[in-house]
Amino acid sequence: QTFKNSIQAGKIAHAYLFAGPRGTGKTSTARILAKALNCDKGPTAHPCGECANCLRITEGSSMDVFEIDAASNRGIDEIKNLRDQLAFAPVNCRYKVFIIDEVHMLSTEAFNALLKTLEEPPAHVIFILATTDPHKIPATIHSRCQRFDFRRVTVEEIAEHLAKVAEKSGIIADKEALRLIAIQSEGGMRDALSLLGQCGVMGEQVTTATVRDVLGIVGRETLRELVQAIGKQDLSATLAKLN
């Protein structure tokens, strides 16, 4: 809603910080925001996804949207190279968008170089910094960004989305199996989709047994029987269940 309002009002910040656990949509949202700002029909809160700019961003071939992995490009030289690109006007889009993933991995020198850039960015440049560890980012960087906190996706939301993906992918899956995948992914949609893909090639139908086999986890019924045997102080039954 904040993004929609700021785009409609024409009040777009030049630096955003997306913080939250893995697989909760930080980089995906950054790409959608890049499309919203650069869509042929925009800036718009509802990018078409069909124009040349939207398609280039989707394919990762846009000359104006840069995705940088700070885990493998963490030095000052990489940030200096980035700074050199700022002076040039966008090739096809309205804005140059720099998406820096896992930004907390940058070195101290790189952060200092980035700080200078964030203080006085050109009007056509927007930074989107994504991180799973916001507490590792210097306060000086923090204070120059609009921060958005991404939360874990609920079990119900993940299970609902997995059902749609399974249907479109031709995967037959039990409702209970999808719920178990959702629980085991601990709020990360990406982990849930990866696990569904793994389970989908294990047989004709994905069941709770399939998910347990892939993950190597024990069913709740077995754990319940073990606890009951311990409660009854039945040594032989307890050892049998433990085996």
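The values are calculated or read from the model by the stated rules, or taken from the named source; none is laboratory data. From a predicted model like this one, the values you see are computed outputs, not experimental measurements. Glycine gets a Cβ as well: all are built from the backbone with ideal geometry, and neighbour counts include every protein chain shown. Just so you know, the surface numbers come from the protein's heavy atoms only, side chains and all, with ligands and any DNA or RNA stripped out. Shrake-Rupley method; radii C 1.70, N 1.55, O 1.52, S 1.80 Å.
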Mean ellipticity per residue at 222 nm, deg cm²/dmol - from DSSP H runs of n ≥ 4 across the chain, formula -39500 (n - 2.57):
-14500 deg cm²/dmol
For an R0 of 35 angstrom, estimate the FRET efficiency from the Cβ-Cβ distance between Ser143 and Lys41 and round to the nearest 0.05.
0.55
Given a 1.4 angstrom probe, what's the average accessible area per residue across the chain, in square angstrom?
57
Applying 1/(1 + (r/R0)^6) with R0 = 35 Å to the Cβ-Cβ distance of Asp213 and Phe66, what FRET efficiency is obtained, to the nearest 0.05?
0.25
What is the Cα centroid distance between the stretch 204-222 and the stretch 1-65, reported in whole angstrom?
39
Using per-residue counts of other Cβ atoms within 10 Å, averaged over each peptide, order 186-195, 29-38 from highest down.
29-38, 186-195
Distance between modelled label sites at Ile183 and Cys51, nm, 7 Å Cα→Cβ extension:
4.7
Can you give the FRET efficiency to the nearest 0.05 for Gln85 and Glu157, using r as the Cβ-Cβ distance and R₀ = 41 Å?
0.60
The chain: most fluctuating residue of Ile99, Ile183, Ile126 per GNM, C-alpha cutoff 10 Å:
Ile183
Rounded to a whole %, the carbon-and-sulfur portion of the accessible area of the chain at a 1.4 Å probe is 50
For the chain: lysine pairs with Cα atoms under 14 Å, gap of 8 or more or different chains, count?
5
Distance in nm between Asp234 and Gln205 label points, each 7 Å along Cα→Cβ, equals 3.1
